[in-house]
Amino acid sequence: MGDSVGLVAFDADDTLWDCQGAFCAVEHALAELLSPYAEADEVLRVLAATERRNMPLTGYGAKAFTLSMVEAAVGVSRGCVGGEEIGEVLRLGRRLMELPATPLPGVEATLRRVREVVSCPVVVFTKGELRDQEGKMDRSGLRRWFDDVVTVDDKTDESYRQLCLRYATTVDCLFMVGNSFRSDIDPVLRQGGWAAYVPYHTTWAHEATAEYDHERLWWLSSIGDLVEG
């Protein structure tokens, strides 16, 4: 790529630190909590449908997910869920709002090396709720490696164009690193940019999409492969 890259961007959740693993653990805890009212599969089905319905209004993030958990609890219990149980649902949501955001193996060494070898800006480009994402960024200890942290409601073609405009470049000069093919990879490749795909061991169902090869796509088994050699 050489001098053709004018901006390097990293996704945050499940690229720099674990996020989906924590959400999955909370989902299973919710299913256990609501087991007197429904089987686990039914609880998870109702929760997923509730999330999907609420996304246009609440967006992404721990707070939006907590609201969906409360609504799902009321739904699967047919309004019989008690105050103590709702309190426990809220405590489960709080766990997600306080994630330690411990960097995944190889992340810090990779970021250090990237800053040594590139001359263009290096940023975090993530979607979700601003306070939630900013808190995880601070707790991770990784902020010092980035020129900026940009949080958007969703990663659309237009949001990528606006990100690049902010740094006086275009999407065809962007190199995006992330774990979601739907949000991090496909929008960049379709607009002529470069991308490095680092699949995580678990993927949020709402991020599932078809994957494909591309001449500007790097497939990595771990984030450390980005700078290996």
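Remarks
- Listed by first and then second residue, the pairs with beta-carbon distance under 8 Å, at least 6 apart or on different chains, first residue in the range 176-192 and over 21 Å from Val118 (Cβ atoms), second open to solvent by less than 10 Å² (accessible area, probe 1.4 Å) and assigned to a helix (DSSP H, G or I), are Pro187/Tyr160.
- Taking strands (runs of 3 or more DSSP E) as the structural unit, those lying wholly within the range 124-210 and holding at least 1 residues that are open to solvent by less than 60 Å² (accessible area, probe 1.4 Å) and of a type in the set (D, E, K, R) correspond to 148-152.
- Of all the numbered requirements in (1) open to solvent by 80 Å² or more (accessible area, probe 1.4 Å); (2) over 26 Å from Gln191 (Cα atoms); (3) outside any helix (DSSP H, G or I), Glu116 misses one, and that requirement is (3).
- Among the residues of the range 84-100, those that are of a type outside the set (D, E, K, R) and modelled with pLDDT under 95 comprise Leu96, Met97, Leu99, Pro100.
- The lone exception for Glu129 - which of (1) modelled with pLDDT under 95; (2) more than 20 Å from the chain's Cα centre (by Cα); (3) not aliphatic (A, V, I, L, M) it fails: (2)
- Number of residues in the range 14-41 that are within 13 Å of the chain's Cα centre (by Cα) and either modelled with pLDDT under 95 or closer than 16 Å to Ala73 by Cα (or both): the value is 7.
- Residue-level check: of (1) more than 22 Å from Arg94 (Cβ to Cβ); (2) in a helix (DSSP H, G or I), Thr15 misses just (2).
- Candidates in the range 59-87 are the residues that are surrounded by 15 or more Cβ atoms within 10 Å (Cβ to Cβ) and charged (D, E, K, R); of these, the one that is nearest to Val43 (Cα to Cα) is Glu71.
The values are calculated or read from the model by the stated rules, or taken from the named source; none is laboratory data. Keep in mind the model is a prediction, meaning the values are calculated, not measured. Because the Cβ atoms are built from the backbone with ideal geometry, glycine has one as well, and the counts that use them run over all protein chains shown. Areas reflect the complete protein model, heavy atoms only, side chains present, ligands, DNA and RNA absent. Shrake-Rupley method; radii C 1.70, N 1.55, O 1.52, S 1.80 Å.
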